[in-house]
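Enquirer: Before I ask anything, here is the structure I am working with.
The values are calculated or read from the model by the stated rules, or taken from the named source; none is laboratory data. Computed from a predicted model, the values in this text were never measured in an experiment. Reconstructed Cβ throughout: ideal geometry from the backbone, glycine too, with neighbour counts over all protein chains shown.
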Number of protein chains: 2
Amino acid sequence: MLFTIKHKDAHSNARTASLELLHGTVLTPCFMPVGTNATVKAVKNDDLEELGTNLILSNTYHLYLRPGIEVIEACGGLHSFMSWKRNILTDSGGFQVFSLSPFRRIEEKGIYFKSHLDGSSHRLRPEDVVDIQRILGSDILMPLDVCTPPEISREEAKQALVFTTRWAERSMTRWKSEFESSSSWLFGIIQGNFFKDLRKRSAEEITSLGFPGYAIGGLSVGEEFDTFRDYLELTAQLIPDPYPRYLMGVGTPEYILEAVEQGIDLFDCVLPTRTGRNAQAFTYNGPLSLKKESNKMDTEPIDPACSCKTCAEYSRAYLRHLFKTKEILAAVLTTYHNLYFINQLVLSIREAIRSNRFKEFKKNFLDAYKGTENDSLL
Amino acid sequence: MLFTIKHKDAHSNARTASLELLHGTVLTPCFMPVGTNATVKAVKNDDLEELGTNLILSNTYHLYLRPGIEVIEACGGLHSFMSWKRNILTDSGGFQVFSLSPFRRIEEKGIYFKSHLDGSSHRLRPEDVVDIQRILGSDILMPLDVCTPPEISREEAKQALVFTTRWAERSMTRWKSEFESSSSWLFGIIQGNFFKDLRKRSAEEITSLGFPGYAIGGLSVGEEFDTFRDYLELTAQLIPDPYPRYLMGVGTPEYILEAVEQGIDLFDCVLPTRTGRNAQAFTYNGPLSLKKESNKMDTEPIDPACSCKTCAEYSRAYLRHLFKTKEILAAVLTTYHNLYFINQLVLSIREAIRSNRFKEFKKNFLDAYKGTENDSLL
């Protein structure tokens, strides 16, 4: 994997870079749309390609349970199964086991859990998770880690960190022995909950293992924005400059801008797609709730300043009608707009970094985005 | 409206023709996809255009109730509202009042009914229905008629016929006095239930009113196929040759082929789109149920003989997975395939008519389509 930093912003830690992967070059900062079940919900692949998407995220936990890895293997891997020709990053499933499974037990050996779909029992060791993602054919793999919610004790956070490091070592060993030659790449994940010394310790332990890229887990999990920013700043600086930095689960404009400022290169979130299905659309003046009564006869597009296909063709009145009648096209058109909006934001961010005016861009964007009375907090 | 018969099949009543409408030329025989709520469910306009769709059907009853005609008027009419640049035929709403409304009363004056959405009370006179479709800006309008289910008494069927004729006269008067210059066209609808003398009487009365085209209502409403064929043959022959003939609510390959053989030019049905959303796909060897277990690892497309985008890119295994996970893409991809399949069928029909081998084509198609053990009756 070749990660080449192209330009560093003169007044912040923001940077542009290129990441060469097996299925094409990814320019960073980069937002990854989430395709949990081997589909970015409500978006066709050709629309994703048209949006310039070169890297999507898919979920190992979900695919492992349904359709099952044997199905995807029989279909020639995840790219072939979902007919996606560009890059895929798969998460390890750790976060989903903790957030979705009705039962789980963590042991040194691995995670024991019950499926949220049918209650069936499963065990996943770090080695299994590497093997599964190898069968999926992911371009970037993530190792099994122990995710923890906010407001746990220091002792619990420490125990999670210890497992996360040991599992990272075992994942690395597995990946090196079996798969390193495959042109896929395994990133490390830094945990440590909301304890600064544990964050530091996790970063030191994980980066000492020599991964080609590093992710920050356990942030943007419900904490206050100031807390998020503090821990992001602390953790991002602990990842050496030459490596790609991936902040997991971040997707609002405000969080993306903060992440980029702290030197983050990659981020993913269900937010643009999930809110799109729920009639929430991004605009440069803040989020717009499409279902509201005042849109009933509004012939304006979602955002007159947006040049996406949805805004070129359809009015707020029409989109409101589609949501009110529960038409599939409502989700299709609004999700497309939201992904286009985030992609435009990322393109503008890259351009701002290249001209050393990222902080000015961030301020101007957020002044407009947060300056008006918004329909909700996207 | 210019309706030009291009070729008559030498061995049946099948024919090809062109129908010049305000939003482009429609070649017949033509299947109209149904866009009830101002959207063909799960299909984007650009995909419809790519399919060669030049005429869709939308439902006056649904649009009248939601979003309301005033909304569509404010948005510049139905074409502008839904951003559809080609032709639209709107039904009169009569069928929907009879099939959906929890309460209705028919009087000489018009129909009184309650909305199936909120129970609100409405009255629609034949003149109102013409006016509404004029505001929608439909290319082809349908007059309010009285639809009746099978197995009613002769007296009931006769009463429905009488109203249908009187309302057709009033609709025609309204259309002529106000709107004839608008380049939109009002068709007549022949009713008469399953009584041959009433069918004959209705056809005589309606065709005497001088509409530019004629529809056959009240068939394909649950009757046996042989009954359908008998009444179709009888009624179709009562429509003079130079006029476009529209058979309402027909959409399976078997019914379409029968209709074409009897000289029908236009037909519409929710079937290709509705079944697509319910995991039923057309194949040349009969319908395929995508959810079934045997598709779990099937890497074949829906139909290897189909050249649509869905079949070019996606396997049965993937589509089954999308339906099992209730992903929006399942409906999007399968609906597209079903509309493509029906469109290919119609293209083949036209070609067969031009070369005077329609009956041979029909036999060969149905032998393959019905010859194997199918998953269901599409």
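Enquirer: With respect to the numbered conditions (1) within 22 Å of residue A:53 (Cα to Cα); (2) more than 12 Å from chain B (Cβ to nearest Cβ); (3) part of a helix (DSSP H, G or I), which one is the sole condition not fulfilled by residue A:368?
Expert: Only one criterion is unmet by residue A:368, namely (1).
Enquirer: Within the range A:77-111, how many residues turn out to be over 18 Å from residue A:127 (Cβ atoms) and touching a residue at least 60 places away in the same chain (Cβ under 8 Å)?
Expert: Counting residues in the range A:77-111 that are over 18 Å from residue A:127 (Cβ atoms) and touching a residue at least 60 places away in the same chain (Cβ under 8 Å) gives 8.
Enquirer: Further, regarding this structure: Sort out which residues of the range A:23-40 are touching a residue at least 40 places away in the same chain (Cβ under 8 Å) and within 12 Å of another protein chain (Cβ to nearest Cβ), and write them in order of number.
Expert: If the condition is that a residue be touching a residue at least 40 places away in the same chain (Cβ under 8 Å) and within 12 Å of another protein chain (Cβ to nearest Cβ), then A:35, A:36, A:38, A:39, A:40 are the ones that fit.
Enquirer: Among the residues of the range A:1-40, count how many are more than 20 Å from residue A:84 (Cα to Cα), of a type in the set (Gly, Ala, Ser) and not in a loop (DSSP other than H, G, I, E, B).
Expert: Matching residues across the range A:1-40 total 2.
Enquirer: In the range A:117-164, what count of residues is obtained for those that are assigned to a loop (DSSP other than H, G, I, E, B) and of a type in the set (S, T, N, Q)?
Expert: Looking only at that region, the number is 4.
Enquirer: A follow-up question, please. Against the definition (surrounded by 15 or more Cβ atoms within 10 Å (Cβ to Cβ) and either within 14 Å of chain B (Cβ to nearest Cβ) or assigned to a helix (DSSP H, G or I) (or both)), how does residue A:338 come out, yes or no?
Expert: The answer is yes for residue A:338.
This table checks each residue for (1) touching a residue at least 40 places away in the same chain (Cβ under 8 Å); (2) not in a helix (DSSP H, G or I).
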residue	(1), (2)
A:172	no, no
A:178	yes, no
A:197	no, no
A:201	yes, no
A:209	yes, yes
A:218	yes, yes
A:221	yes, yes
A:235	yes, no
A:242	yes, yes
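Enquirer: Output the residues belonging to the range B:85-101 that are of a type outside the set (Ser, Thr, Tyr) and away from chain A (no Cβ under 12 Å).
Expert: Hits for the range B:85-101 are B:86, B:87, B:88, B:89, B:91, B:93, B:94, B:95, B:96, B:97, B:98, B:100.
Enquirer: Among the residues of the range B:290-308, which ones are within 13 Å of residue B:335 (Cα to Cα) and within 24 Å of the chain's Cα centre (by Cα)?
Expert: Selection gives B:308 alone.
Enquirer: On to the next question. Does the range A:75-84 hold any residues that are at the interface with chain B (Cβ under 10 Å from one of its Cβ atoms) and in a loop (DSSP other than H, G, I, E, B), and which are they?
Expert: If the condition is that a residue be at the interface with chain B (Cβ under 10 Å from one of its Cβ atoms) and in a loop (DSSP other than H, G, I, E, B), then A:75, A:76, A:83, A:84 are the ones that fit.
Enquirer: Given the conditions (1) closer than 22 Å to residue B:3 by Cα; (2) surrounded by fewer than 17 Cβ atoms within 10 Å (Cβ to Cβ), which single one is not true for residue B:216?
Expert: Failed condition: (2).
Enquirer: Additional query: Every residue in the range B:284-306 that is buried (at least 22 other Cβ atoms within 10 Å of the Cβ) and without any contact (Cβ under 8 Å) to a residue 24 or more places away in the chain, please.
Expert: B:301 - this is the single residue of the range B:284-306 that is buried (at least 22 other Cβ atoms within 10 Å of the Cβ) and without any contact (Cβ under 8 Å) to a residue 24 or more places away in the chain.
Enquirer: Sort through B:229, B:245 and tell me the only one that's among the basic types (Lys, Arg), at pLDDT 95 or above and surrounded by 21 or more Cβ atoms within 10 Å (Cβ to Cβ).
Expert: B:245
Enquirer: Of everything in the range A:62-83, what is surrounded by 20 or more Cβ atoms within 10 Å (Cβ to Cβ), among the hydrophobic types (A, V, I, L, M, F, W, C) and over 17 Å from residue B:314 (Cβ atoms)? Give them in sequence order.
Expert: A:65
Enquirer: Only one of these is of a type in the set (Asp, Glu) and under 21 Å from residue B:33 (Cα atoms): B:118, B:131, B:91. Name it.
Expert: So the residue among B:118, B:131, B:91 that is of a type in the set (Asp, Glu) and under 21 Å from residue B:33 (Cα atoms) is B:91.
For (1) small (Gly, Ala, Ser); (2) within 25 Å of residue A:367 (Cβ to Cβ); (3) modelled with pLDDT of 95 or more, each residue gets a yes or a no:
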{"site": "A:223", "(1), (2), (3)": "no, yes, no"}
{"site": "A:233", "(1), (2), (3)": "no, yes, yes"}
{"site": "A:239", "(1), (2), (3)": "no, no, yes"}
{"site": "A:255", "(1), (2), (3)": "no, yes, yes"}
{"site": "A:261", "(1), (2), (3)": "no, yes, yes"}
{"site": "A:274", "(1), (2), (3)": "no, no, yes"}
{"site": "A:298", "(1), (2), (3)": "no, yes, yes"}
{"site": "A:314", "(1), (2), (3)": "no, no, yes"}
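Enquirer: Please indicate, with yes or no, whether at least one residue in the range A:172-193 is surrounded by 21 or more Cβ atoms within 10 Å (Cβ to Cβ), assigned by TED's automatic domain parsing to the domain that holds residue A:39 and within 16 Å of residue A:59 (Cβ to Cβ).
Expert: Yes, the range A:172-193 contains a residue that is surrounded by 21 or more Cβ atoms within 10 Å (Cβ to Cβ), assigned by TED's automatic domain parsing to the domain that holds residue A:39 and within 16 Å of residue A:59 (Cβ to Cβ).
Enquirer: Tell me yes or no: at least one residue of the range A:346-366 is among the hydroxyl-bearing types (Ser, Thr, Tyr), without any contact (Cβ under 8 Å) to a residue 60 or more places away in the chain and out of contact with any Phe, Trp or Tyr (no Cβ under 8 Å at 6 or more places or on another chain).
Expert: Yes: the range A:346-366 contains one or more residues that are among the hydroxyl-bearing types (Ser, Thr, Tyr), without any contact (Cβ under 8 Å) to a residue 60 or more places away in the chain and out of contact with any Phe, Trp or Tyr (no Cβ under 8 Å at 6 or more places or on another chain).
Enquirer: Only one of B:72, B:106 is more than 9 Å from chain A (Cβ to nearest Cβ) and of a type outside the set (Phe, Trp, Tyr). Can you tell me which?
Expert: Values: B:72 fails: more than 9 Å from chain A (Cβ to nearest Cβ).
Selected residue: B:106, the only one of B:72, B:106 that is more than 9 Å from chain A (Cβ to nearest Cβ) and of a type outside the set (Phe, Trp, Tyr).
Enquirer: Search the range A:351-378 for residues being buried (at least 21 other Cβ atoms within 10 Å of the Cβ) and under 24 Å from residue A:34 (Cα atoms), and hand back the single one that is modelled with the lowest pLDDT.
Expert: Per the criteria, the residue is A:378.
Enquirer: Something else about it: Of the conditions (1) at positive phi; (2) aliphatic (A, V, I, L, M); (3) touching a Gly at 6+ places or on another chain (Cβ under 7 Å), residue B:279 fails just one. Which one is it?
Expert: Residue B:279 satisfies every listed condition except (3).
Enquirer: Right, next: Right, residue A:14: of a type in the set (A, V, I, L, M, F, W, C), more than 9 Å from every other protein chain (Cβ to nearest Cβ), more than 30 Å from residue A:104 (Cα to Cα) and under 20 Å from the mean Cα position of the chain (by Cα) or not?
Expert: So residue A:14 fits the description; yes.
Enquirer: Look through A:332, A:346 and report the one residue that is modelled with pLDDT of 95 or more and over 24 Å from residue A:18 (Cα atoms).
Expert: Every option except A:332 fails the conditions.
Enquirer: Could you look through the range B:41-61, keep only residues that are more than 8 Å from chain A (Cβ to nearest Cβ), crowded, with 18+ Cβ neighbours inside 10 Å and in a helix (DSSP H, G or I), and pick out the one that is nearest to the chain's Cα centre (by Cα)?
Expert: If we take residues in the range B:41-61 being more than 8 Å from chain A (Cβ to nearest Cβ), crowded, with 18+ Cβ neighbours inside 10 Å and in a helix (DSSP H, G or I), then B:60 is nearest to the chain's Cα centre (by Cα).
Enquirer: Which one is surrounded by the fewest Cβ atoms within 10 Å (Cβ to Cβ), of the residues in the range B:128-171 that are β-branched (Val, Ile, Thr) and closer than 20 Å to residue B:249 by Cβ?
Expert: B:152
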